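S.K.: So that we are looking at the same thing, I have put the structure below in structure tokens.
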Amino acid sequence: MKNSKVAIVTDWLTNVGGAERVLLAIHGMYPDAPIYTSKYDKKGIDWFKDADVRTGWLQIFPTGMRRFLSPLRQLYFSHLNLKDYDLVISVTGAEAKAVKAKKHICYCHVPTQYYWQMYDDYIKNPGFGFLNPLARLGLKLLIKPLRKRDYIAAKQPDEIVTISHYAAEQIKKYYNRSATIIHPPVDVEKFSKTKNQKTSRHGFITTSRQVTWKRLDLAIKACLMTGDELTIIGEGPEHENLKKLAGNSPLISFRPRMSQKGLKTYLCQAKGYLFPSLEPFGIAPVEALATGCPVIAYGKGGALDYIKPGKNGLLFKPQTAEALADKIREFKTIKLATSAEVKKTAEPFSEEHFKRKLKEFIDNHEKTK
């Protein structure tokens, strides 16, 4: 790709998350490539101060309106013509894959969740508070044309890369397209650099944005059943409901969202990380593994790509508090790998591995075009 004009596209840049970490790594590979997006909130994310971030007419809308703007994003990206570039790389879990390009590689996290695999969950709780009835009605009325346009958009990229075997299955199911798996980058090196443990690990931990589909309620219920301590790190609209569920139990403690350094301290002290949600990958549990903390995860989704039952953690099914509680009890009776061995299982998910594999993929694509 020497001397080639490259552009990067993403759905929005409004906060810090797994998608933004992927984008940051790709920006590091192509620092001169402009980044096209529908909305850029510099206060929400300051990772791209040195980047040429380009927005369009959707930038005028407040950040808080993002969830309402899906139809407009479809319109915006489908009319974004980037054919002057030799290569366009889109990083998307929504509408950015619709851009017009001469050569287009799409790093697709998962098919647009609110149209496809999580549509029923969004209908139950769209996440708009008192505007939920309006949002629910709008999604029901528009879902057929939105799905049709999303399916058409998924045909635009020349190649699709995705984050896990589960995500590849979803892309095949909803878009009828094959995808190459390159796991997303995790800051393994930073989390693995830990001092020797001077005290034994105790209690369980989970870190997440507190929304319904993360199923943090299962972690609380399970630990109340087993009598184990649980620290929940994060914030979100479900916070008060989760506190009510925990009641006054001394077993359950809440901590606000914190820096990587602070999070690493908690992970190094915990005997296990609980991951009860169905996700296409899951950055946080891999960060836990990098500190030597084993993981108990729901046995479906991206967790199947990195949890090795009996070595670096356990898998539970079905997705119930009772099943999770049974695995917590089993976890306390078996001998897993050492902390150093658990750390090694996170190494294949480093940023270095991600960049190398993506570069190889792009170079091979150029050779065979």
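Read the figures in this text as sums done on the coordinates, not as results from a lab. Note that the structure is a prediction, hence the values are computed from the model and not measured. Here Cβ is always computed from backbone atoms with ideal geometry, including for glycine, and neighbour counts include all displayed protein chains.
S.K.: Where does each of Val22, Val286, Val16, Val211 land when they are ranked from fewest to most other beta-carbon atoms within 10 angstrom? It would help to have the intermediate numbers written out before the result.
M.R.: On the way: Val22 23, Val286 29, Val16 14, Val211 17.
Ascending Cβ contact count within 10 Å gives the list Val16, Val211, Val22, Val286.
S.K.: If you average the sequence gap of Cα pairs under 8 Å that are 6 or more apart and divide by the length of the chain, what percent do you get for the contact order? Spell out each step's value before the answer.
M.R.: Numbers: 685 pairs, mean separation 48.3, N = 369.
Rounded, it is 13 percent for the chain.
S.K.: Based on other C-beta atoms within 10 Å, arrange Lys214, Lys42 from fewest to most.
M.R.: Ordered from fewest to most neighbouring Cβ atoms within 10 Å, Lys214, Lys42 come out as Lys42, Lys214.
S.K.: Sticking with this structure for a sec: Helix 260-269: angle to the longest alpha-carbon principal axis of the chain, degrees 0 to 90, nearest 10?
M.R.: 30 degrees
S.K.: Next question. Just to be sure I understand the model, the point goes 7 Å from the Cα along the line to the Cβ. What's the resulting Lys100 to Lys355 distance in nm?
M.R.: Result: 3.4 nm between the two label points.
S.K.: Taking only Cα atoms, what is the 0 to 90° angle, nearest 10, from helix 18-29's long axis to the longest principal axis of the chain?
M.R.: 60 degrees
S.K.: Let me spell out the model: positive unit charges on the Cβ of Lys and Arg, negative unit charges on the Cβ of Asp and Glu, origin at the Cα centre of the chain. What dipole size does that give, in debye rounded to 20?
M.R.: Values: 59 positive and 37 negative charges, 48 e Å.
The dipole magnitude comes to about 240 debye.
S.K.: So, one more: What is the dipole size for the stretch 1-144, taken about its Cα centre, with +1 at each Lys and Arg Cβ and -1 at each Asp and Glu Cβ, in debye to the nearest 20? Present the calculation step by step, with values, prior to reporting the outcome.
M.R.: Details: 20 positive and 12 negative charges, 69 e Å.
My answer is approximately 340 debye.
S.K.: Sticking with the crude label model, points 7 Å out along Cα→Cβ, report the distance from Met258 to Lys243 in nm, one decimal please.
M.R.: For Met258 paired with Lys243, the spin-label model returns 1.8 nm.
S.K.: Also, quick follow-up: Would you work out which of Phe275, Thr226, Pro348 lies farthest towards the positive end of the dipole of the stretch 188-349, given +1 charges on the beta-carbon of Lys and Arg and -1 on that of Asp and Glu, about the Cα centre?
M.R.: Result: Pro348, furthest along the dipole toward the positive end.
S.K.: For the chain, build the charge dipole from Cβ charges (+1 Lys, Arg; -1 Asp, Glu) around the Cα centre, then report which of Gly236, Ala290, Met65 sits farthest towards its positive end.
M.R.: Sorting the options by dipole projection puts first Met65.
S.K.: Let me ask another. For the chain, just list the percent of Cα-Cα distances falling in each 20 Å bin from zero outward, please.
M.R.: Calculated P(r), rounded to whole percents: 28, 58, 14, 0.
S.K.: Mind giving me the FRET efficiency for Asn15 and Ile334? R0 is 30 Å, r the Cβ-Cβ distance, nearest 0.05 is fine.
M.R.: Details: r = 38 Å, r/R0 = 1.28.
After rounding, the FRET efficiency stands at 0.20.
S.K.: Could you work out how far helix 165-175 tilts from the main Cα principal axis of the chain, as a 0 to 90 degree angle to the nearest 10?
M.R.: 40 degrees
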